[in-house]
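Notes to accompany the following structure.
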Amino acid sequence: MSYYQDLLKQSQKLLAQFQLELNSLSLEELNIKYLGKKGLFNQLASQIKKLKKDEKKDFGQVLNQLKADLEQGLNKIQENENQSHQRLDLSLPGIKQNIGHLHPISQAIEEISQIFERIGFVRADFPEVDWDYYVFAALNMPDNHPARDEWETFFVDQTAHPKLGKMVLTTHTSNGQVREMERVKSQLPIRMINISRCYRRQSDNTHTQMFHQFEGLVVDKNINIQHLKGTIDYFAKEFFGAKTKSRIRPFHFKFTEPSFEVDFSCQICGGTGYLKNKHNKKESCRFCKSGWHEVGGAGMVHPNVLKAGGIDSKKYRGFAFGWGVERSYTLKQGLNIDDIRLFYSAEREFLEQF
Ligand code: DAH
């Protein structure tokens with residue numbers, strides 16, 4: 001074997017050895033061992049002077065390639081080290097993880113429960129698919145009563161129960177009234193808050209087919225409208241803010257007598273119905289009509305409903321109220337949401353705002 005061939009072999013060996021040691025030696029060690037002043041590369045390169053002229057030229061090219069390979073190997077290690085050092089740099093600011101949060105309506109439900117729990121209400125839970133009896137008949141709305149039409153009911157396609165009638169998706173949380181009376185089995189008083197999903201055949205930008213209501217029911221001796229109004233006032237201040245006022249207006253529901261609609265003063269204009277524009281002139285509030293928002297219904301429990309729940313209406317009285325969680329939530333935030341269906345659209349961009 002000529003000396004030239006021998007050198008060629010040595011150069012191949014050198015590269016193979018380098019590649020073997022890439023993972024076991026440190027960058028510094030590799031640098032010194034292979035590319036250092038007295039390193040293996042220079043030792044090999046210094047042999048060039050012993051070659052013939054034309055061999056020198058060829059071997060020069062081999063050496064160039066070898067050097068490039070060695071340098072490339074070392075650069076790769078350098079890059080990896082840079083990256084792992086970055087990962088280990090404890091002084092760098094942390095990477096913020098996206099953490100989810102409760103759905104805005106779940107947040108509202110949580111808050112509403114707590115508000116009522118603070119004044120001794122107990123959260124109840126009843127079926128969302130219930131018999132006609134609890135949703136309508138027991139609430140003083142016998143079969144075929146026209147008042148039922150107000151609730152755009154989904155009926156379940158199933159044989160009707162001989163006494164309790166058809167199954168329906170609950171159109172309101174008022175189904176919990178007689179259910180709660182039955183549950184406590186005349187162990188009065190009742191202070192119930194029932195928050196649940198409700199369903200109606202309606203879907204447009206202010207309605208979703210599934211929505212939430214909360215229903216309060218109190219049954220005790222000597223209960224009167226003042227207790228009802230006091231409870232509504234308390235809720236208004238706790239949920240919407242200390243300055244919020246509430247009012248009740250005469251209305252008609254079959255399950256309460258007397259019945260009321262409940263309004264809360266507007267969060268945006270403070271109940272005045274006006275806002276001042278930039279020229280300090282009065283403009284009517286964009287958020288409300290005349291300072292008030294209608295939210296739901298309330299009233300003194302009808303004696304027939306107490307009777308259906310096995311309660312002696314001569315000894316006991318009750319009040320009840322019920323309204324929408326979505327509506328309360330948007331009012332609280334002063335939100336004018338163009339399309340309420342966005343709450344249930346699973347659109348993260350929308351939900352992440354809350
Ligand atoms: N359930 C009624 C509705 O969905 C609201 C309501 C009115 C509830 C009067 C009540 C009440 O408890 O007393 O429109």
Notebook entry, point to check: What residue, among those in segment 275-293 that are surrounded by 16 or more Cβ atoms within 10 Å (Cβ to Cβ) and under 30 Å from residue 255 (Cα atoms), is nearest to the ligand (Cβ to nearest atom)?
Noted result: 293
Notebook entry, point to check: Which one is nearest to residue 263 (Cα to Cα), of the residues in segment 273-291 that are without any contact (Cβ under 8 Å) to a residue 40 or more places away in the chain and among the charged types (D, E, K, R)?
Noted result: 289
Note to self: Yes or no: segment 256-274 includes at least one residue that is away from the ligand (no atom under 16 Å from the Cβ), part of a loop (DSSP other than H, G, I, E, B) and surrounded by fewer than 15 Cβ atoms within 10 Å (Cβ to Cβ).
What the structure shows: no
Margin query: I need the full set of residues from segment 275-323 which are within 24 Å of residue 222 (Cα to Cα), part of a strand (DSSP E or B) and β-branched (Val, Ile, Thr), in order please.
Written below: 301
Check: Under 8 Å by Cβ, and 6 or more places apart or on different chains, what pairs join a residue from segment 133-162 that is more than 14 Å from the ligand (Cβ to nearest atom) with one that is open to solvent by 100 Å² or more (accessible area, probe 1.4 Å)?
Finding: 133/163; 137/143; 154/201; 155/166; 156/166; 158/166; 160/166
Next item on the list: Please give the number of the condition residue 179 fails out of (1) part of a helix (DSSP H, G or I); (2) within 30 Å of residue 342 (Cα to Cα).
Entry: (2)
Check: With respect to residue 122, is the statement that it is touching a Phe, Trp or Tyr at 6+ places or on another chain (Cβ under 6 Å) and under 16 Å from residue 321 (Cα atoms) true?
Finding: no
Notebook entry, point to check: Which of the residues that make up segment 308-354 are open to solvent by 90 Å² or more (accessible area, probe 1.4 Å), within 16 Å of the ligand (Cβ to nearest atom) and more than 17 Å from the chain's Cα centre (by Cα)?
Noted result: 317
Checklist line | segment 208-230, residues that are open to solvent by 20 Å² or more (accessible area, probe 1.4 Å) and either part of a helix (DSSP H, G or I) or aromatic (Phe, Trp, Tyr) (or both) | finding: 211, 225, 226, 227, 229, 230
Margin query: Given the condition more than 28 Å from residue 328 (Cβ to Cβ) and open to solvent by 80 Å² or more (accessible area, probe 1.4 Å), answer yes or no: does some residue in segment 97-119 qualify?
Written below: yes
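The values are calculated or read from the model by the stated rules, or taken from the named source; none is laboratory data. Quick caveat, the model's predicted, so the values are computed rather than measured. Positions of Cβ are generated from backbone atoms using ideal geometry, with glycine treated the same way; all protein chains shown enter the neighbour counts. These accessible areas exclude ligands, DNA and RNA; they are computed on the full protein's heavy atoms, side chains included. Shrake-Rupley method; radii C 1.70, N 1.55, O 1.52, S 1.80 Å.
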